[in-house]
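Derivation of every value follows stated rules applied to the coordinates shown; laboratory data play no part. Keep in mind that this is a model prediction, so the values were computed, not measured. Don't worry about glycine lacking a Cβ; one is built from the backbone with ideal geometry, like all the others, and counts go over all protein chains shown.
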Amino acid sequence: MHDIRAIRDNPDAFDAALARRGVSPVSSQILALDDARRAKIHAAETAKAGQNRASKEVGAAKGRGDEAEFERLRALVAEKKAEIARLNDEAQAEDEALRQLLLTIPNLPADDVPAGTSEDDNVEIKRHGTPRQFNYAPKEHYELPAVQDGMDFEVAAKLSGSRFVVLSGGVARLHRALAQFMLDTHVEEHGLTETMTPVLVREEAMYGTGQLPKFGEDSYQTTTGWWLIPTAEVTLTNLVADAMIEASYLPRRYVADTQCFRSEAGSAGRDTSGMLRQHQFEKVEMVSVTHPDESDAEQQRMLGCAEAILEKLGLPYRTMLLCAGDMGAGARRTYDIEVWLPGQDRYREISSVSTCGDYQARRMNARFRPEGGAKPEFVHTLNGSGLAVGRTLIAVLENGQEEDGSVTLPEVLHGYLGGRNRLSATGELIRD
């Protein structure tokens with residue numbers, strides 16, 4: 001949601017910022033609705049003043065026995081009352097039309113976000129680790145002998161359809177170990193508060209973080225009206241919806257491991273093999289709620305938290321600053337972390353870390369009270385994957401694969417696997 005006062009003050013700058021995202025100018029439409037709304041409010045206030053004057057005169061006319069003037073004034077009062085009701089209804093309709101329009105407009109990119117229209121225009125800012133050199137052609141994760149009995153897409157298709165998977169045995173335990181390792185690291189080393197939230201939410205929560213109204217087709221809604229969360233960003237960010245927070249309470253830093261659900265509308269034909277793009281997946285999500293002055297520094301801190309997981313796992317990655325045309329609608333600035341997948345011979349996204357400024361806070365009415373009694377302000381919200389568990393599993397499998405079909409596992413996971421350090425070619429967790 002955008003500040004209407006900022007649009008009134010500088011509509012050209014508003015349109016110019018949206019143009020960087022490839023969005024057509026919209027300030028004139030916004031201001032037309034705003035002017036109509038304000039005009040109706042002013043007219044209602046003027047009519048109310050007339051009603052009040054006539055009401056005072058009614059009693060005087062009655063007192064002096066001027067029946068004709070009394071009836072005229074009484075009719076005028078009734079007329080003004082009806083006019084006020086009509087104008088208030090029209091103002092409310094204009095206000096709702098303005099609100100609905102503002103809800104569909106994406107966030108404005110930060111000044112340091114590079115120009116561009118697609119992922120080809122994103123800027124690499126960091127590269128960590130050197131991809132392993134294989135003396136054979138590395139396989140993709142779903143082709144590895146070690147996962148053939150533990151990663152079943154056919155059974156999942158019978159249960160649920162395409163883009164689902166059933167994990168079992170050593171692969172399932174490895175997946176669970178990854179999630180536990182991520183949570184432990186974020187809680188014990190990064191100071192995040194572990195949180196367990198629902199995966200079904202009210203419509204208001206989806207509006208609050210920007211999934212609705214424009215991107216409803218990307219998510220699933222139940223017949224009872226609940227929505228399945230596409231990410232725990234929805235629940236964690238909405239923890240402060242409609243809240244007035246004391247400044248001393250900030251920042252709030254949350255982390256949750258949840259199932260996530262996405263319809264993947266518009267992605268037909270993309271990454272349909274394996275686990276890379278699923279309708280149901282598990283993700284460890286980080287959310288921070290901060291003072292506006294601290295949000296840029298907080299984004300860098302969150303980025304470091306996500307990168308640390310990959311570094312502890314020994315996985316090569318690169319960090320990209322997304323261009324204006326490739327960011328999600330709610331973001332002011334986004335960094336993507338891409339992990340190296342030798343089976344695909346390319347880097348693939350495994351985390352996005354975004355700052356939203358006050359865009360989500362305005363939608364959720366999430367404010368804080370500055371110290372010293374100053375006027376309440378909107379908080380800033382940030383979110384980031386820390387990490388997508390399934391994609392991390394893919395990266396661990398592909399980067400640790402051996403020519404005999406087994407997988408060597410990262411040292412940091414051994415304690416979560418009972419000391420086992422390898423996934424055998426038959427899918428068993430073993431200790432060498």
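One equal scatterer on each Cα of the stretch 98-218, no solvent, Debye formula: the resulting log10 I(q)/I(0) at q = 0.12, 0.16, 0.18 Å⁻¹ is -1.00, -1.34, -1.25.
Need the full-extension length gain, Gln344 to Glu189, defined as separation in residues times 0.36 nm minus the C-alpha distance. One decimal, nm. Provide the component values of the computation, followed by the final result.
Values: separation 155, 0.36 × 155 = 55.80 nm, distance 3.22 nm.
That works out to 52.6 nm of additional length.
For the stretch 148-221, applying the loop criterion from DSSP together with a ceiling of 15 other beta carbons within 10 Å to the GluC sites (Glu not before Pro) yields Glu189.
The angle between the Cα long axis of helix 295-313 and the main principal axis of the chain comes to about 20°, on a 0 to 90 degree scale. All Cα-Cα distances of the stretch 303-432, cut into 10 Å bins from zero to the largest, leave 12, 31, 25, 16, 11, 4, 1 percent in each bin in turn. Along each principal axis, taking the top coordinate minus the bottom one, the Cα set of the stretch 232-329 gives 48, 32, 29 Å in descending order. Roughly how tilted is helix 389-400, in degrees to the nearest 10 and between 0 and 90, from the longest Cα axis of the chain? Here the helix axis deviates by roughly 30 degrees. Contact order, relative form, for the chain: 19 percent (alpha carbon pairs under 8 Å, 6 or more residues apart, mean separation divided by residue count).
If we count every other residue with Cβ under 11 angstrom of Pro131's Cβ, Lys/Arg +1 and Asp/Glu -1, where does the sum land?
Working: positive: Arg127, Arg132, Arg318, Arg346; negative: Asp345, Glu398.
After counting each charged neighbour, the total is +2.
Counting only alpha carbon atoms, the long axis of helix 67-103 and the longest principal axis of the chain meet at about 20°.
With a cut-off of at most 16 other beta carbons within 10 Å, and DSSP calling the residue loop, which chymotrypsin sites (Phe, Trp or Tyr not before Pro) in the stretch 125-163 qualify? Please list them.
On the way: sites: Phe134, Tyr136, Tyr142, Phe153; in loops: Phe134, Tyr136.
Passing sites in the stretch 125-163 are Phe134, Tyr136.
Counted residue by residue at 0.36 nm each, then reduced by the alpha carbon distance between them, the extension gain from Thr222 to Arg277 reaches 17.6 nm.
Build a GNM of the chain with springs between Cα atoms under 10 Å apart, and of Gly161, Gly384, Gly372 the one that fluctuates most is Gly372.
A simple spin-label model places the labels of Arg5 and Asp89 3.2 nm from each other, with each point 7 Å out along Cα-to-Cβ. Note on the stretch 330-375 and the stretch 73-111: Cα centroid distance 33 Å, given to the nearest whole angstrom. Taking Leu322, Leu31, Leu236 in turn, the Gaussian network model of the chain (Cα-Cα springs below 10 Å) assigns the largest fluctuation to Leu31. Here the Gaussian network model covers the chain, with springs between Cα atoms less than 10 Å apart; of Ile41, Ile337, Ile350, Ile41 fluctuates the most.
If R0 is taken as 56 Å, the Cβ-Cβ distance between Ala60 and Ser28 corresponds to a FRET efficiency of 0.70.
Per residue Cα convex hull volume for the stretch 14-147, in cubic angstrom? Spell out each step's value before the answer.
Details: hull volume 28.8 nm³, N = 134.
Taking the convex hull of the Cα positions in the stretch 14-147, it is 215 Å³ per residue.
Report, in listed order, any pair from Lys81/Lys214; Lys56/Lys375; Lys283/Lys312 with a Cα-Cα distance greater than 27 Å.
Details: Lys81/Lys214 38 Å; Lys56/Lys375 38 Å; Lys283/Lys312 18 Å.
With Cα atoms farther than 27 Å apart: Lys81/Lys214; Lys56/Lys375.
Computed from the C-beta positions of Glu264 and Thr408 and an R0 of 25 Å, the FRET efficiency is 0.20 to the nearest 0.05.
Near Glu233: Cβ cut-off under 10 Å, other residues only, Lys/Arg at +1 and Asp/Glu at -1. The net charge is 0.
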